[in-house]
Structures are given as C-alpha cells and as structure tokens.
Amino acid sequence: MDLSALDTTTLADEGVDMEVLGVDGTVLRDEAGNAITIKLLGADSEKVRKRQRMEIDKRLKRGNRAKSSAAEIEENGIDLLVFCTVGWSGVKFQGEELSCTPDNVRKLYTALPALRDQVDAFVGDRGNFTKA
C-alpha cells in the first residue's frame, strides 16, 4: 500500500464541500433541488494549523494566570470555523440569500449551533479530506 493514501493535507488545503444536513440527517436543498453546501478547509490544512498555532502562541504570551472564559473559548472556536469556511452554495437565512463573507459566516455559526457543530465535526474528520 502506498502511504500517500494517508494524505489529508492536500484536500484540507483545497477545501471540500460539506452537504448541510437537517436535524433529521437529510440533506438540505435549495429551491432548485441542489444540495446546500459549505466548502471547508480541514484541520490538517497548513493554513488552519498556522492559525491555530498563532492562537496558542497568543494564549502562551498571556501566561498561566490568565484564564479563558467559556464565552471566549466558544468565540475562538467560531473564529476558527469562520476561517475554515471558504465558500458555500444555496445558503439562505431568514429569507435572505447570503453571500459567503466572514460576517455572514459568523452570523450563521453564532445563530445556529446545530450547523456550527456539523461544520466542526466535518472539519475535524480526516476521512472527509482523503482521496477515496
């Protein structure tokens, strides 16, 4: 077996489309019947790892005495998912079609914890970023 089959960085750097699922597990679709998708970088992306290292360095500089609040930890998680989101298709929220901008991504992930959890799980699943 060629160990290059374990490569998760190539697709993680390019981004992969995640089909958005409803709470019942079915693929959500737009009015034309196309799957609603979000294009995401993976956890093994060099860009994502660099961003994570910057956040860790920032925390280390604050020192041991500086405690993070739950709200701050949640916000940092949302920040990382916003960074990982590089595109989407068919996304509509509260009747408005949204372009994929950092502000709109943050708006969705803050308002919709179920979507945020789905994105987080997808980004962290290396199986989504291998060539099968």
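The values are calculated or read from the model by the stated rules, or taken from the named source; none is laboratory data. Please read all numbers here as calculations on a predicted model, not as lab measurements. Please note: Cβ atoms are built from the backbone with ideal geometry, for glycine as well, and neighbour counts cover all protein chains shown. Quick note on the areas: whole protein, heavy atoms, side chains included, nothing else; ligands and nucleic acids left out. Shrake-Rupley method; radii C 1.70, N 1.55, O 1.52, S 1.80 Å.
At a glance:
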read-out: Scope segment 1-53; condition touching a strand residue (DSSP E or B) at 6+ places or on another chain (Cβ under 7 Å) and among the aliphatic types (A, V, I, L, M); matching residues; value: Val16, Met18, Val20, Leu21, Val27, Leu28, Ala35, Ile36, Ile38, Leu40, Leu41
read-out: Extreme residue, farthest from the chain's Cα centre (by Cα), among residues of segment 1-22 that are part of a loop (DSSP other than H, G, I, E, B) and β-branched (Val, Ile, Thr); value: Thr8
read-out: Pick from segment 23-49, criterion of a type in the set (Lys, Arg) and over 16 Å from Val119 (Cα atoms), ranking: farthest from the chain's Cα centre (by Cα); value: Arg29
read-out: Number of the condition not met by Val82 [criteria: (1) modelled with pLDDT of 90 or more; (2) surrounded by 15 or more Cβ atoms within 10 Å (Cβ to Cβ); (3) under 17 Å from Gly127 (Cβ atoms)]; value: (3)
read-out: From the options Arg53, Arg59, Arg49, residue that is farther than 22 Å from Arg126 by Cβ and open to solvent by 70 Å² or more (accessible area, probe 1.4 Å); value: Arg59
read-out: Test for Gly90: is it surrounded by 11 or more Cβ atoms within 10 Å (Cβ to Cβ) and at positive phi; value: yes
